[in-house]
Amino acid sequence: MGLDARLRYTRMVIKNSFVELLKKKPINKITVKEICDKAEINRATFYKHYLDVYDLLDKIEEQFLNELKEKIVQANEKSFSETLSFIMEALKADAEIYKSLFSDHGDPMFPKKVFDICYELDLVMDKSAANEQLSPTQKRWLYDYIAYGCNGILSQWIAENMQEPISVVVEFAEQLVKSTMRNR
């Protein structure tokens, strides 16, 4: 096994061990020693890769967010439904990790980080004349209103083990967003 393969394997074992622990308890109750015991590595190996448990969580989140941003940017159309579908497909691909990240035990700011990427890329908000008349502050309020509603839908979908088909969830969320935009 080459150096790169060993590094990837070590990081994978650390990440998987951390996620298993995160399913059972909040991040502030997880220790590096617990992760190392579960991963069957020594603490020095952990510290070669991460500063602490929070750094590990940040790196996991950062990787997901970078991959998500790349996928969205590469998409030809950036409609609300496509964006939400991308997010949900990415979450489902690594379901165990994201169930933990979106749980009460994970980073409560993680969903906001996901939706901030969409805001940064100017997604969700349509370019209608009515929206163009909003102040920058009002646009952000409207975006946050929509994003936090979508976060509630995503969180519930994740909590229910992602059983509902993505297309059904996306269609429902899109109807809510369109209704919000029409009725504001």
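Scanning the stretch 69-85 for residues that are in contact with a helix residue (DSSP H, G or I) (Cβ under 7 Å, 6 or more places away or on another chain) and at pLDDT 80 or above, which turns out surrounded by the most Cβ atoms within 10 Å (Cβ to Cβ)? Restricting to residues being in contact with a helix residue (DSSP H, G or I) (Cβ under 7 Å, 6 or more places away or on another chain) and at pLDDT 80 or above, the top hit is L84.
Condition check ((1) out of contact with any Lys or Arg (no Cβ under 7 Å at 6 or more places or on another chain); (2) modelled with pLDDT of 90 or more) across all residues:
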| residue | (1), (2) |
| --- | --- |
| V32 | no, yes |
| I41 | yes, yes |
| F46 | yes, yes |
| Y98 | yes, no |
| D104 | yes, no |
| P108 | yes, no |
| D116 | yes, no |
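Condition check: surrounded by fewer than 13 Cβ atoms within 10 Å (Cβ to Cβ), at pLDDT 90 or above and under 16 Å from the mean Cα position of the chain (by Cα). Does E62 satisfy that? Yes; evaluated as a whole, the condition is true for this residue.
Within the stretch 167-184, being surrounded by fewer than 17 Cβ atoms within 10 Å (Cβ to Cβ) and either touching a residue at least 12 places away in the same chain (Cβ under 8 Å) or part of a helix (DSSP H, G or I) (or both) holds for S167, V168, E171, F172, E174, Q175, L176, K178, S179, T180, R182, R184.
The helices (runs of 4 or more DSSP H) found entirely in the stretch 31-114 that carry 3 or more residues being in contact (Cβ under 8 Å) with a residue 24 or more places away in the chain and hydrophobic (A, V, I, L, M, F, W, C) are 53-74, 80-93, 95-101. Could you tell me whether I72 is under 18 Å from the mean Cα position of the chain (by Cα) and among the β-branched types (V, I, T)? Judged against the criteria, I72 is a match. The set of residues in the stretch 25-56 that are in contact with a Ser or Thr (Cβ under 8 Å, 6 or more places away or on another chain) and polar (S, T, N, Q) contains only T45. Scanning the stretch 88-96 turns up at least one residue that is surrounded by fewer than 17 Cβ atoms within 10 Å (Cβ to Cβ), at pLDDT 85 or above and touching a Phe, Trp or Tyr at 6+ places or on another chain (Cβ under 9 Å). Is it true that some residue in the stretch 125-142 is modelled with pLDDT of 85 or more, farther than 25 Å from K25 by Cα and aliphatic (A, V, I, L, M)? Yes, there is a match, as at least one residue in the stretch 125-142 is modelled with pLDDT of 85 or more, farther than 25 Å from K25 by Cα and aliphatic (A, V, I, L, M). In this structure, T180 does satisfy being at pLDDT below 85 and farther than 19 Å from L91 by Cα. In this structure, Q133 does not qualify as surrounded by 11 or more Cβ atoms within 10 Å (Cβ to Cβ), more than 21 Å from E120 (Cβ to Cβ), without any contact (Cβ under 8 Å) to a residue 60 or more places away in the chain and of a type in the set (S, T, N, Q).
The values are calculated or read from the model by the stated rules, or taken from the named source; none is laboratory data. The model shown is predicted, which means the values in this text are computed figures rather than measured ones. Note that we place each Cβ from the backbone using ideal geometry, even for glycine, and neighbour counts take in every protein chain shown.
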